[in-house]
Amino acid sequence: DEIGDALDAAWRVKRGDGTAGGQFPRRRAEHFMRMVGAALVGHVQVRARGVSIWSDGFKSVESLLRFGHRCLAKWERTAADLTELNWREGTGGCQHWQGQAFRDQELSKARERLDEVFRMREAQAELAELLSPEEGRLLALSEVFGPFARLDPLQVSEYTAPLWEAARGDYDRRMSPIEEKMSEKLREHFGARLLPSLQASMRSRGDDSAVAMAQPHQVLREVGRYAELLRRPAVAQSLTSERNLLADSLERFLEDIKAECDRRARVSGGGGGGGDGSGGGGRNTTEKVEAVVWATQAQERVAIARETCAALVITTRDKGGNRVQGTEQDAAGRRGSDLDREAKHLLREIDDLRKRLFKGWQEGIVDRLGEFKLDLGSKLMDLDSSSTGQVKLHYNSELVSLLREVRQLSALGFTIRRDIAAEAETARKFYRHGMVLRQVANFYNNIASEMIPCQKPMMLDDAVKFEEVLTNPRDGLGKVI
């Protein structure tokens, strides 16, 4: 970010006569961005020398590969934003960037190579979990990366490309018998456990229960563990029937969430589920807040479904965009692409519903804020001067609901209005005292009916002292509170 800001500032330097451009021309800007990209690739290479990418455990290599991807992708986005957006219109009096946006080919190739290595290591880790140790030894699973032993995966150039392609071809040949065995294991795993569990959980789902939704998305998350294997052409073709059944379950899963989203949108639009605390949500939670929580959970589950949709799509092109020989997208793969588009649209609908529900909750609270507003200088408890003589508690029970809702919504990433947040903070300060005083008030108001007559004289002195404190409260120095 700091390098991007410095480059942006240099680009906006004006000529000595005050006109834009000239001090930092496009040629120098492109050269600078390439130098930064090369430095980042070099940094990732140095980090990579600390581990053995092909032989160390996947967990120890995974963090490095993810770091490298984030680092390179971040600079790619920064350079693209500067040349596509910030400098395109010449805002702020800076010179215009004309023509194509900047793209560092070497940096992109290095990032794509990291992604490729990550997928290969991830696939091997998934295979190791499904195969027994004996099967792994017989199939030489630990030796599939042998062709890459003397290659640096981040050395990406036209000179090393033939060596990499030859090693990749050898790797694919070594993986072929493993994929055949893996197809059998996956077919058994999907047919005996995953698909029956998914179908049973879909049948048992309730009409309006966030708890019931948990089981299907947990099964889908389990399916997502094998996404890289399922995308491999040989495995995908042998699991055509299972992938079609998975697509059917995914379609129903998304339809159920869509129907629930539409129902909640209608209720919200019709004024139902108001913030009066009397809704059918959890304890001390209004219906609108419960709906916001549901929408947040639904977003997470649809995101998991999208990962499963992507697992249905067969890998038909290599990183260079060239079609892999002998591979075609089948019906399950095309359904996976269609379902992914539907899920993406559904995510936008849920996000819109989530924002509208939160806005409605805030408006409802603001309208009613004066009804339960707590005055810092007021008494929390006093004695009713009417004939009942009971203790009255002035800590409104709805403040408990407000405090809990504010905490829930803040944890979900919402920014609470300042006046609501201030009232919730006041309620938090008095919460513990309010709960204790509620117990005291309940005890005082009900003790008379629970005592036997002979006990009442024994409690008289304590009751009189308690009433004196309520009617004339003073602190430890004797000052009136």
request  = Pop the C-beta distance of GLU129 and SER63 into the FRET formula with R0 = 25 Å and round what comes out to the nearest 0.05.
outcome  = 0.85
key: Rel. contact order, % - alpha carbon contacts under 8 angstrom, at least six apart, region 64-187   = 24
task = Please give the contour-minus-distance gain from GLU188 to ARG173: 0.36 nm per residue of separation, less the Cα-Cα distance, rounded to one decimal in nm.
result = 3.0 nm
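Using a cut-off of 13 Å between beta-carbons, work out the net charge of the residues near ARG103 (Lys and Arg +1, Asp and Glu -1, ARG103 not included). Write out the running numbers ahead of the final one.
Working: positive: ARG34, ARG77, LYS109, ARG111; negative: GLU30, GLU76, ASP81, GLU84, ASP104, GLU106, GLU112.
Counting the neighbours of ARG103, the net charge comes to -3.
Give me the net charge of VAL144's neighbourhood, meaning all other residues with Cβ under 11 Å from the Cβ of VAL144; Lys, Arg count +1, Asp, Glu -1. Please list the in-between numbers first.
Details: positive: ARG121, ARG173, ARG174; negative: GLU143, ASP170, ASP172, GLU179.
That works out to -1.
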remark   = Lys and Arg at +1, Asp and Glu at -1: neighbours of SER157 with Cβ under 10 Å from its Cβ sum to -1
remark   = Per the rule of 0.36 nm per residue minus the C-alpha distance, extending THR315 to HIS96 adds in nm 74.8 nm
task = Please give, to one decimal in nm, the separation of the simple spin-label points placed at ASN244 and ASP56, each 7 Å out from Cα toward the Cβ.
result = 4.5
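Could you order LYS14, LYS181, LYS288 so the one with the most accessible surface comes first? Probe is 1.4 Å.
Details: LYS14 95, LYS181 65, LYS288 25 Å².
Result, largest first: LYS14, LYS181, LYS288.
The values are calculated or read from the model by the stated rules, or taken from the named source; none is laboratory data. Model, not experiment: these values are computed from the prediction. All Cβ positions, glycine included, derive from the backbone under ideal geometry; neighbour counts span all protein chains shown. Ligands, DNA and RNA are stripped out before the accessible areas are found, and what is left, the full protein with its side chains, is counted by its heavy atoms. Shrake-Rupley method; radii C 1.70, N 1.55, O 1.52, S 1.80 Å.
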